[in-house]
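Bear in mind these aren't lab numbers, they're just calculated from the coordinates by the rules spelled out. Since the model is a prediction, treat every value here as computed from it, not as a measurement. Positions of Cβ are generated from backbone atoms using ideal geometry, with glycine treated the same way; all protein chains shown enter the neighbour counts.
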Number of protein chains: 2
Amino acid sequence: MNIGTFTIQHTDGAARAGELLTAHGVIPTPIFMPVGTQGSVKAVCPQDLKDLGARIILGNTYHLYLRPGDEMIARRGGLHRFMHWDRPILTDSGGFQVFSLSALRKLSEDGVAFSSHIDGSKHFFTPEKAISIQRNLGSDIMMVLDECVPYGADYQYTRKSLERTTRWAARCRAAYPQGGGEQLLFGIGQGGFFKDLREESIRQLRDIPFDGYALGGLSVGESKAEMMDILYHSAPLLPVEKARYLMGVGTPLDIVRGIDAGIDMFDCVLPTRNARNGTLFTSEGKLNIKRAEFAEDDSPLDPQCSCYTCRNFSRAYLRHLYQAREILSYRLNTIHNLSYFLSVVTAARQAIQDGAFQSFKSQMESIYDT
Amino acid sequence: MNIGTFTIQHTDGAARAGELLTAHGVIPTPIFMPVGTQGSVKAVCPQDLKDLGARIILGNTYHLYLRPGDEMIARRGGLHRFMHWDRPILTDSGGFQVFSLSALRKLSEDGVAFSSHIDGSKHFFTPEKAISIQRNLGSDIMMVLDECVPYGADYQYTRKSLERTTRWAARCRAAYPQGGGEQLLFGIGQGGFFKDLREESIRQLRDIPFDGYALGGLSVGESKAEMMDILYHSAPLLPVEKARYLMGVGTPLDIVRGIDAGIDMFDCVLPTRNARNGTLFTSEGKLNIKRAEFAEDDSPLDPQCSCYTCRNFSRAYLRHLYQAREILSYRLNTIHNLSYFLSVVTAARQAIQDGAFQSFKSQMESIYDT
């Protein structure tokens, strides 16, 4: 099989169980990708990620470009070698962070000028630059540079933006033609919260051959109902034979609904960020470990979970670590949350294979749709 | 063999290689004890400590009494079970932290009143209370309550203080008589920087039977020369047939010199605290990972080290993690520093067995005495 081959092995309704072949191995889908913003999935190390069964992680182009620098990483032999991770890596294009983190952005047809959130230094991203950085990082899956329009953007702006995003996507593809090497390149559909613009964006992107297709611009402040409306409308429009990726989403239930809509790949900072805030996802729902009710609770965080945290530590101990601001709190909570998110996509995959996805989805709704 | 049995297997000059039997297993000496202040050795988990070969860790009575509380820990089955560590634990008496961390201390014959550094609440430690707390924690080795006199204390104050410390030591022993259970109790010699007072303190303590004897009140602001003068004078006065513990000391070279003076046990926050500040101890000396010279250094932190950090990551990556304030930086640096400190005592033990301790000590001096 060639790198980039996506094989669908089972379907159950719109939900798919498949495999995507990358230069660093096969990714079973549906899959959740832990976020390793600055060359590290926060609070855990590569061995932890392997022990947790993570099959692919995400790196942030914007962050790595600014610090330590993509050329420096290229001189180290690429991001895999630099961070000692030999499984697949997907890198975003940097666009999302330019629009959410940096200051003094100025958008033009050519690209986007911005100031670093670290030191205020000035930079310019073009589609070609985004590809060049991701080539230096050596990720298995690269993303095109896009503009993620803010929630509330009007129809005219959103249309103008998605058309530019399409032109940028074509420039990314031209900078790295199909079959140009071992890295894959995914397109990103935009169009805000206008269904006809979502359709238009995807229609335009389908004409450019990509190795996979993403939906961007969701989970940007809209209601769950709006997100789901756009998700269920747009996902089926993405090419059926290619891997589909819902960017930056979401809660365990969002992910299960994404799978239900036909999405194969997910990433989100939720499990890692919330872990550090003491919010933990379990088979019995969400809990906040700082609550007094856990002070003398000798039971594991999640009785259904077999992660290192749940096998060895009590809620009482985890609450103590959180209250005492111990670094170990971040680590143990992160291990559990990532274990839970990874178990959700694994269980979803099994349910699709068993033709039992709807009952799995109902079960997740009974836990989380409260 | 009974719990508390200390066997000296080899000597080389004053240096000793032995074994101390505790309720949670044998401790080979000389030994370094990583400090687990609040029920966690900062930034690492129990499995890491086992992988590093840690044989005993230290817990802080003052911290655990204030948060989460010794009675709460007793209800969890003790500190071992609470923190999921099944090897030996030594707890200090809380005295050192009362004098260094708390506010509004008031010392009397009965004990010491103090305010919590966390919430200002008022507390009173007596010798009996220090034993009661450590009984609740269930440590393998308990320490007597003592007053650690500040550096610069005059002769009269130091003498008055050491006499009270002796009376407190006797009260601790009375509160937990020899053979009273599975926990051992160590006495602590004080006497500041006056040799005759050091002699007097140890002479008084020898009359109270303890399971081991410590030197306290060193590394409190004095010069290395003053510390070594008192150390080499006092260590030989401690009972030869009992384990000897130098509290809160020190650098790798301090530890090797302590072993040279006849000390068996050491603890210090240096490897863990310095790791978090980016200061790393290696077979080639101390280095600070934030220095620009390491920005593109692909070599391991310490080419002689086989810890997880040195096996898998470059100085360039460790510097990036430090600069980016990634939590993983604390973890990887701590793993290395603990590995190094543990390797020093292991190598010292081997050198004693081989009759080569002086050459080992010279080698350590050539690296660290600069």
For chain A, what is the mean residue ellipticity at 222 nm derived from helices alone (per DSSP H run of n ≥ 4: -39500 (n - 2.57); sum divided by total residues; nearest 500 deg cm²/dmol)? -12000 deg cm²/dmol
Using only Cα atoms, tell me the angle between helix B:252-261 and the longest principal axis of chain B; keep it within 0 to 90° and round to the nearest 10. 50
Can you bin segment A:167-238 into rounded, prolate or oblate? Criterion: square roots of the alpha carbon gyration tensor eigenvalues sorted a ≥ b ≥ c, rounded for a/c under 1.5, prolate for a/b above b/c, oblate for the rest. prolate
Give me the number: length gained by fully extending residue A:370 to residue A:224, i.e. 0.36 nm times residue separation minus the C-alpha to C-alpha distance, one decimal in nm. 51.3 nm
For peptide A:321-332, compute the average count of partner chain beta-carbon atoms within 10 Å of each residue's beta-carbon. 6
Coil-residue trypsin sites (Lys or Arg not before Pro) of segment B:272-370, DSSP, other Cβ within 10 Å capped at 10: B:325
Tilt, helix B:327-353 to longest principal axis of chain B (alpha-carbon atoms), in degrees rounded to tens, equals 70
Distance in nm between label sites at residue B:299 and residue A:269, each 7 Å beyond Cα in the beta-carbon direction? 3.7
Taking H placed 1.01 Å from N in the peptide plane, check which residues at least 5 places from residue A:184 or on another chain put their amide H under 5 Å from its amide H. A:141, A:142
Taking 8 Å as the Cα distance limit and 6 or more residues as the minimum spacing, I'd like the relative contact order of segment B:196-321 as a percentage. 17
Could you give the length gained on full extension between residue B:105 and residue B:196, defined as 0.36 nm per residue of separation minus the Cα-Cα distance, in nm? 30.0 nm
Using a Gaussian network model of chain B whose springs link C-alpha atoms within less than 10 Å, name the residue from B:74, B:324, B:316 with the highest mean-square fluctuation. B:324
Starting from the amide H of residue A:31, placed 1.01 Å from N in the peptide plane, find each other amide H under 5 Å away whose residue is 5 or more places distant or on another chain. A:265, A:266
What percent do you get for the relative contact order of segment B:142-246 when only Cα pairs under 8 Å and 6+ apart count? 28
With Rg and the Kirkwood Rh both taken from Cα atoms, where does Rg over Rh land for chain B? 0.96
Place +1 on the Cβ of every Lys and Arg and -1 on the Cβ of every Asp and Glu in segment A:5-274, take the dipole about the Cα centre, and give the residue among A:82, A:227, A:100 whose Cα lies farthest towards its positive end. A:82
Rounded to the nearest 10 degrees, what's the angle between the helix A:127-137 long axis and the longest principal axis of chain A, both from Cα atoms, 0 to 90? 50
In what sequence, highest mean first, do A:335-344, B:78-87, B:2-11 appear when ranked by Cβ atoms within 10 angstrom? A:335-344, B:78-87, B:2-11
What's the FRET efficiency of residue A:232 with residue A:51 using the Cβ-Cβ distance as r and R₀ = 30 Å, to the nearest 0.05? 0.30
Determine one quarter of the surface area of the Cα convex hull of segment A:221-308, which equals its mean projected area, and express it in nm² to one decimal. 7.5
Go through A:162, A:8, A:133 and say which Cα lies farthest out towards the positive end of the charge dipole of segment A:5-274; charges sit on Cβ, +1 for Lys and Arg, -1 for Asp and Glu. A:133
Can you find, among B:259, A:113, B:41, the residue farthest towards the positive end of the dipole of the protein assembly as shown? Put +1 on the C-beta of Lys and Arg, -1 on that of Asp and Glu. A:113
Quick one: A:234, B:139, A:366, fewest Cβ neighbours within 10 Å first, how do they rank? A:366, A:234, B:139
Would you mind giving the mean number of other chain beta-carbons within 10 Å of the Cβ of each residue in B:36-47, as a whole number? 5
Give me the net charge of residue B:58's neighbourhood, meaning all other residues with Cβ under 13 Å from the Cβ of residue B:58; Lys, Arg count +1, Asp, Glu -1. 0
Filter the GluC sites (Glu not before Pro) in segment B:231-314 down to the DSSP loop ones having no more than 12 other Cβ atoms within 10 Å, then list what survives. B:241, B:284
For segment B:56-168, what's the relative contact order in percent, using C-alpha pairs closer than 8 Å and at least 6 residues apart? 29
Simple spin-label model, 7 Å along Cα-to-Cβ: residue B:164 to residue B:119 in nm? 2.8
Could you let me know the centre-to-centre spacing of segment A:35-89 and segment B:223-252, using Cα atoms, in angstrom? 46
First select every other residue whose beta carbon is under 12 angstrom from the beta carbon of residue A:214; then total the charges, Lys and Arg +1, Asp and Glu -1. -3
Which FRET efficiency value, to the nearest 0.05, is calculated for residue B:240 and residue A:84 with the Förster distance at 60 angstrom and r the Cβ-Cβ distance? 0.80
What base-10 log of the normalised intensity I(q)/I(0) is obtained for segment B:237-370 from the Debye formula, alpha carbons as equal point scatterers, at q = 0.12 Å⁻¹? -0.49
Based on Cβ point charges of +1 for Lys and Arg and -1 for Asp and Glu, what charge dipole magnitude is obtained for the protein assembly as shown about its Cα centre, in debye rounded to the nearest 20? 680
Just B:295, B:43, B:348 to compare: in a GNM of chain B, with alpha carbon springs under 10 Å, which one fluctuates most? B:295
Apply the Karplus curve 6.51 cos²θ - 1.76 cosθ + 1.60, θ = phi - 60°, to the phi angles in segment A:63-73 and return the couplings in whole Hz, x for Gly and Pro. 5, 5, 5, 6, 7, x, x, 5, 6, 4, 5
The set of cysteines in chain A having no other cysteine's C-beta under 4.7 Å reads A:45, A:148, A:172, A:268, A:307
For segment B:95-121 and segment B:294-370, what is the centre-to-centre distance using only Cα atoms, to the nearest Å? 37
Using only the alpha-carbon atoms of the protein assembly as shown as identical scatterers, what base-10 log of I(q)/I(0) does the Debye formula give at q = 0.06 Å⁻¹? -0.44
So, by mean Cβ neighbours within 10 angstrom, what's the order for A:206-218, A:96-108 with the highest one leading? A:206-218, A:96-108
Student exercise, segment B:221-370 dipole from Lys, Arg, Asp, Glu Cβ charges, in Debye to nearest 20: 500
Compute, for segment B:52-179, the length of the dipole vector about the Cα centre, with Cβ point charges of +1 (Lys, Arg) and -1 (Asp, Glu) only. Units Debye, rounded to 20. 160
Looking at this model, which pairs from B:50/B:242; B:224/B:286; A:290/B:129; B:195/B:224 are more than 20 angstrom apart at the alpha-carbon? B:50/B:242; A:290/B:129
